[in-house]
Amino acid sequence: MKLLIDDAHLDAIKKIYEIYPVAGVTTNPTILSKVGGNPFDTLSRIRDFIGEDADLHVQAVSRRAEQIAEEARHIVEILGANTFVKIPAVPEGFKAMKLLVDTSEILITATAIYTPMQAFIAGQCGASFAAPYVNRIDNMGFDGIKVAQEIQQIFSVNRMETEVIAASFKNSQQVLELCKCGVGAATVSPEIFSALVKNSAIDSAVEDFIGDFESFAGAGKTMIDFN
Ligand code: G3P
């Protein structure tokens, strides 16, 4: 399962990249609104930092299929290869996906997925990824993890190449549940990323080891001080 960052603040992205194995960055219009300004300034800075091989997901916001397709081409023209255009899994979005798959090499992430059928149709339309919104589905009184797992199963039994990129998480346990069943990717906020491995017992164990070493070697000493 690939891990991506669901954010557009370059400072936050850099901090997570420094520590964790990250496959790319996902954004949506709400995420971009938190940075403001020209969206391509923000996205180009992210692209420059993550490099041309990393995945960058950017959402089209047009309402009609033809305009969504035009917007998708424009996004990829500016941001280059390995840019996935996020298209809502609604009827005009499906039409746009078909148009793009028939006429270009543009990579598509079907987004705003709340039901397995949306993901199935998007996959049949040629989407590379389908993004179920785990936490938002939970908040509607359904089981977001289960929906993501069902989508994964639908892709598998129908021998489809589309992969799940699970999105909208509120805690690290939700990420772990999807990790266990091997979905293609999960995109998480910097806050959730930092909480993936956060446990006072782990910190305490590491501190105890350092303390025990210093108790015989001296304060601040490490293995480098010995031959
Ligand atoms: O990009 C879509 C998804 O990440 C939304 O997440 O936290 O706004 O529910 P959230």
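The values are calculated or read from the model by the stated rules, or taken from the named source; none is laboratory data. Please read these numbers as outputs of a predicted model, since none were measured by experiment. Virtual Cβ from ideal backbone geometry, glycine too; neighbours counted across all protein chains shown.
Conditions tested, residue by residue: (1) more than 30 Å from K198 (Cβ to Cβ); (2) of a type in the set (A, V, I, L, M); (3) assigned to a loop (DSSP other than H, G, I, E, B).
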site: A72; (1), (2), (3): yes, yes, no
site: A96; (1), (2), (3): yes, yes, no
site: F142; (1), (2), (3): no, no, yes
site: V164; (1), (2), (3): no, yes, no
site: K170; (1), (2), (3): no, no, yes
site: V175; (1), (2), (3): no, yes, no
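Mind checking which residues of the stretch 74-93 are over 19 Å from I46 (Cα atoms) and either of a type in the set (S, T, N, Q) or part of a loop (DSSP other than H, G, I, E, B) (or both)?
First, pick out the residues of the stretch 74-93 that are over 19 Å from I46 (Cα atoms): 87-93.
Result: A89, V90.
In the stretch 37-70, what count of residues is obtained for those that are on the phi < 0 side of the Ramachandran plot and part of a loop (DSSP other than H, G, I, E, B)? Can you show your working first?
Looking only at the stretch 37-70, we keep the residues that are on the phi < 0 side of the Ramachandran plot, and these are 38-50, 52-70.
Checking the rest, the ones that are also part of a loop (DSSP other than H, G, I, E, B) come to 38, 52-54, 60-64.
So the count comes out to 9.
Is there any pair with a first residue in the stretch 25-37 that is under 12 Å from A167 (Cα atoms) and a second that is within 7 Å of the ligand (Cβ to nearest atom) whose Cβ atoms are under 6 Å apart and which are 6 or more apart or on different chains, and what are they?
T26/D6; T26/T187
Do any residues in the stretch 117-129 that are part of a helix (DSSP H, G or I) have Cβ atoms under 6 Å from those of residues that are at pLDDT 95 or above and buried (at least 23 other Cβ atoms within 10 Å of the Cβ), where the two are at least six apart or on different chains, and which pairs are they?
From residues that are part of a helix (DSSP H, G or I), the pairs are Q118/A89; A119/I113; A119/A130; A119/I151; A122/A89; A122/A110; A122/A130; G123/T162.
Given the criterion assigned by TED's automatic domain parsing to the domain that holds V61, among the β-branched types (V, I, T) and more than 22 Å from V22 (Cβ to Cβ), identify the matching residue among I137, I210, I165. Before you say what the answer is, go through the steps one by one.
Numbers: I210 fails: assigned by TED's automatic domain parsing to the domain that holds V61; I165 fails: more than 22 Å from V22 (Cβ to Cβ).
That would be I137, the only listed residue that is assigned by TED's automatic domain parsing to the domain that holds V61, among the β-branched types (V, I, T) and more than 22 Å from V22 (Cβ to Cβ).
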